[in-house]
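**Q** One structure, as C-alpha cells, below. Some questions next.
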Amino acid sequence: MATPNNNREKLRRRPVRQRSFTRDIEHVAAETYLITRLTFTLLQYLGIGYRWITRLLALGCYAMLLMPGFLQVAYVYFFSSKVKRSIVYGDQPRNRLDLYLPVDVSEPKPVLIFVTGGAWIIGYKAWGSLLGLQLAERDIIVACIDYRNFPQGTISDMVNDTCQGISFVVNNIASYGGDPNRIYLMGQSAGAHISACALLEQATRESGKGDSVSWSISQLKAYFGLSGGYNLLDLVDHFNNRGLYRSIFLSIMEGEQSLKKFSPEIKIQDPCIKDSIPLLPPIILFHGTADYSIPSIASLLMLSRRRGQKLI
C-alpha cells in the first residue's frame, strides 16, 4: 500500500525525468539541424559527381548489412546507465564527450581517451561506442571525444577541441571513478592524426614555446595510433585518387602552406621544437597492411622518425 510519503516522492521525481527527456529531445533536434545544414554545405564543396554517388551507395549498402549489429549497440548506447552521453567539455559546437563506465567503480579504473576517425569530415563520438562498451566490460573507462568536423571547422579547430577534451578528462576523470595515474590516449585514422598533432602542440606549449597549459603530457601513460596518417604531403594525391579531392583536403588543412605544420612526421624533425620531443609519451602504432584508406607505410615512416626514442 502506497504511503503519502511515497506518493510525494514519486511526484518529486517525475518532473526530473520529464525535464531530462525534454533536454534529450532538444539536443537531438539541434544536432539533426546542424548535421543537415553542414551536409548541404559539404555537398557544395564536393559537388555531385559519379565517384561520390557510387561511394555513397556502397556505404549505404554496407551500413544496411551491419544494421542488426548497429541497432544492438545503439540500444545499449542510448539506454544503459553506464554510458554518460554528451558531457560538455568546452563552449564550442561539438565540444561533447561520451563516457563508458564499468559496472564496478569502487576502485579507480584505468582510462582510455579515444579520438575517432572519419576523414576529418564525418567523425563522431558515437563511432567509438563498440570499443567503449567492450573495454568497459573489462574494467576500463573509455572517454570518446567529439570534435568539430569540416566544414564546421578546420584542422586547427579539431586539434584545439581535442586538446580541450583531453584536458577535461585528465582533470575530471577521478570524479567518475577513473585513475588519474593510468590515463592513455588513442586515435584512429583521422583521429590518430589529430591526436598526434594535439600531443605535439601540447609538448611545444610545455617546453615554453606556447601558451600556458591546463594539462600535462606527463599525465598520459602512452599514445596508441591506429591506422593514422602522419605526413600530409605524402597523402594529398592518395586521398585525391580515393575521392577526398585535393581542393577539399587543402581546405580542411588550411591551405598547402599548412601541410608541414600539421604533419607530425615532419614536425618532430623540426630543430625549433627539439626540446619538446622528449616530453612525448611512449608511442605505439598499429596499422593493417591491407588498409587502403591510409597506407600502412604512413605508420612505418612515422616509426622510422622516432626510432631510438620511445616508439614501439
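The values are calculated or read from the model by the stated rules, or taken from the named source; none is laboratory data. Not measured: the values here are computed from a predicted model. FYI the Cβ positions are ideal-geometry reconstructions off the backbone, even for glycines, and counts take in every protein chain you see. For accessibility, only protein heavy atoms count, side chains too; no ligands or nucleic acids. Shrake-Rupley method; radii C 1.70, N 1.55, O 1.52, S 1.80 Å.
**Q** Could we say that Pro68 is buried (at least 16 other Cβ atoms within 10 Å of the Cβ) and either outside any loop (DSSP other than H, G, I, E, B) or in contact with a helix residue (DSSP H, G or I) (Cβ under 7 Å, 6 or more places away or on another chain) (or both) here?
**A** No.
**Q** Taking the range 58-86 as the search range and keeping residues that are over 17 Å from Gly165 (Cα atoms) and small (Gly, Ala, Ser), which one is farthest from the chain's Cα centre (by Cα)?
**A** Ala58
**Q** Take the residues in the range 87-120 that are hydrophobic (A, V, I, L, M, F, W, C) and under 21 Å from Leu199 (Cα atoms); name whichever of them is farthest from the chain's Cα centre (by Cα).
**A** Going through the range 87-120, the residues hydrophobic (A, V, I, L, M, F, W, C) turn out to be 87-88, 97, 99, 101, 103, 105, 111-115, 119-120.
Those still in the list that are under 21 Å from Leu199 (Cα atoms) too: 97, 111-115, 119-120.
Working: Leu97: 9, Val111: 15, Leu112: 11, Ile113: 8, Phe114: 5, Val115: 2, Ala119: 12, Trp120: 10 Å.
Residue satisfying both the conditions and the ranking: Val111.
**Q** Has the range 190-203 got any residue that is open to solvent by 10 Å² or more (accessible area, probe 1.4 Å) and of a type in the set (Ser, Thr, Tyr)?
**A** No; the residues of the range 190-203 include none that is open to solvent by 10 Å² or more (accessible area, probe 1.4 Å) and of a type in the set (Ser, Thr, Tyr).
**Q** Against the definition (at positive phi and surrounded by 10 or more Cβ atoms within 10 Å (Cβ to Cβ)), how does Ser86 come out, yes or no?
**A** Judged against the criteria, Ser86 is a match.
**Q** For the range 115-130, which positions are within 17 Å of Phe78 (Cβ to Cβ) and open to solvent by 10 Å² or more (accessible area, probe 1.4 Å)?
**A** Selection gives Tyr124, Ala126, Trp127, Ser129, Leu130.
**Q** Every residue in the range 95-111 that is open to solvent by less than 30 Å² (accessible area, probe 1.4 Å) and assigned to a loop (DSSP other than H, G, I, E, B), please.
**A** Result: Asn95, Leu101, Pro102.
**Q** Yes or no: the range 173-186 includes at least one residue that is under 20 Å from Gly123 (Cβ atoms), in contact with an Asp or Glu (Cβ under 9 Å, 6 or more places away or on another chain) and modelled with pLDDT of 95 or more.
**A** Within the range 173-186 (the criterion being under 20 Å from Gly123 (Cβ atoms), in contact with an Asp or Glu (Cβ under 9 Å, 6 or more places away or on another chain) and modelled with pLDDT of 95 or more), the answer is no, since none of the residues qualifies.
**Q** Here's a follow-up. What single numbered condition from (1) more than 19 Å from the chain's Cα centre (by Cα); (2) surrounded by 14 or more Cβ atoms within 10 Å (Cβ to Cβ); (3) not aromatic (Phe, Trp, Tyr) fails to hold for Ser212?
**A** Every condition holds for Ser212 apart from (2).
**Q** What are the residues in the range 153-189 that are of a type in the set (A, V, I, L, M, F, W, C), outside any strand (DSSP E or B) and open to solvent by less than 30 Å² (accessible area, probe 1.4 Å), if any?
**A** Ile155, Met158, Val159, Cys163, Ile166, Val169, Val170, Ile173
**Q** Still on this structure: Picking from Ile248, Ile194, Ile266, which residue would you name as being touching a strand residue (DSSP E or B) at 6+ places or on another chain (Cβ under 9 Å) and either in a helix (DSSP H, G or I) or under 17 Å from Leu112 (Cβ atoms) (or both)?
**A** Ile194 is the lone residue from the list that is touching a strand residue (DSSP E or B) at 6+ places or on another chain (Cβ under 9 Å) and either in a helix (DSSP H, G or I) or under 17 Å from Leu112 (Cβ atoms) (or both).
**Q** In the range 236-256, what residues are farther than 14 Å from Ile155 by Cβ and surrounded by 13 or more Cβ atoms within 10 Å (Cβ to Cβ)?
**A** Within the range 236-256, His238, Asn240, Arg242, Gly243, Tyr245, Arg246 meet the criteria.
**Q** For Ile145, are the conditions met, namely being over 14 Å from the mean Cα position of the chain (by Cα) and buried (at least 19 other Cβ atoms within 10 Å of the Cβ)?
**A** Numbers: over 14 Å from the mean Cα position of the chain (by Cα): no; buried (at least 19 other Cβ atoms within 10 Å of the Cβ): yes.
Taking the combined requirement at face value, the residue does not satisfy it.
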